[in-house]
Amino acid sequence: MCRQGSCAVSICEVLALRLCQCTEEANQCLVCCMSHAHRCVPLHTIPGAAFTSPVARMPGQACNDYHGVCDDRRQCLRTGKRGARDRLSRFLTADVIRRAFSKYGLYIALSAAAFIILAFLLLTVYRRRKSSLSKSPAYNMAKVTLLWQEAQKHHEELTYKLELLRTQFKAFEEDESVFSYKVSTETEVTRTIARIRALFPRVPGALVQELVERLRSEEQVVDMLIERGHAMKKIL
């Protein structure tokens with residue numbers, strides 16, 4: 001039956017029956033269900049099925065006990081051999097699996113245990129090899145090279161941020177010498193600290209005040225904070 005645009009369940013399951021394949025040549029490409037009398041019969045012959053005419057199987061579905069396929073004329077075309085999917089569907093049944101576990105359960109359990117032990121050994125060897133590799137000079141040299149490359153990249157990012165900060169300061173201040181302004185009075189010190197705190201909101205005020213009083217240059221304070229890795233507020 002069609003549910004939400006796809007074939008979900010067989011009409012036989014809706015009638016609490018099991019789908020089967022009729023063996024009669026005239027009915028091989030009809031939808032058949034296993035009746036309560038344990039006979040595979042066409043759907044329209046089952047009482048209470050609400051079908052008065054034969055219901056054909058979809059073209060391409062298996063028929064003749066998986067030895068053929070149905071065409072669009074309700075004819076079962078013999079294929080001469082079964083496909084891999086049909087063979088598996090006939091072979092891997094619940095009864096076959098249950099008998100296999102009852103007969104070969106010990107071998108299956110031993111195989112599973114051997115697989116787990118082998119996986120554990122391979123993982124141990126891999127970890128030891130990785131540990132020994134980390135102690136080799138070539139590995140250490142490669143690690144140092146990567147760290148150096150990361151440091152260069154970080155330095156380039158800090159330089160870019162510093163240049164961006166200078167450009168933004170020039171846009172905010174009409175005075176072109178804002179970065180070289182020397183702090184001389186207490187009022188200017190307060191203003192300088194306020195501007196720097198606005199750019200670095202996570203830096204403690206005591207640290208900003210200390211740097212301003214010691215370096216006496218706003219540009220130097222900003223450079224020092226960026227070099228120490230303090231995050232600058234993003235300005236859109």
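Here is a yes/no grid of residues against (1) at pLDDT 80 or above; (2) in a helix (DSSP H, G or I); (3) at positive phi:
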{"site": "LEU118", "(1), (2), (3)": "yes, yes, no"}
{"site": "ARG127", "(1), (2), (3)": "yes, yes, no"}
{"site": "SER131", "(1), (2), (3)": "no, yes, no"}
{"site": "ASN140", "(1), (2), (3)": "no, yes, no"}
{"site": "LYS143", "(1), (2), (3)": "no, yes, no"}
{"site": "GLN149", "(1), (2), (3)": "yes, yes, no"}
{"site": "ASP175", "(1), (2), (3)": "no, no, no"}
{"site": "PHE179", "(1), (2), (3)": "no, yes, no"}
{"site": "ARG191", "(1), (2), (3)": "yes, yes, no"}
Can you tell me how many residues in the stretch 193-236 are among the charged types (D, E, K, R), at pLDDT 80 or above and surrounded by 14 or more Cβ atoms within 10 Å (Cβ to Cβ)?
5
Considering residues that are of a type in the set (Gly, Ala, Ser) and under 23 Å from GLN75 (Cβ atoms), the number found within the stretch 24-39 is 1
Considering each residue of the stretch 16-50, count those that are surrounded by 15 or more Cβ atoms within 10 Å (Cβ to Cβ) and in a loop (DSSP other than H, G, I, E, B), and give that number.
9
Look through VAL9, VAL96 and report the one residue that is at pLDDT below 85 and in a loop (DSSP other than H, G, I, E, B).
VAL9
Total residues in the stretch 196-221, condition under 16 Å from LEU164 (Cβ atoms) and out of contact with any helix residue (DSSP H, G or I) (no Cβ under 6 Å at 6 or more places or on another chain):
2
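The values are calculated or read from the model by the stated rules, or taken from the named source; none is laboratory data. Given the structure is predicted, the values throughout are model-derived calculations rather than measurements. Cβ sites come from the backbone with ideal geometry, for glycine too, and all protein chains shown count toward neighbours.
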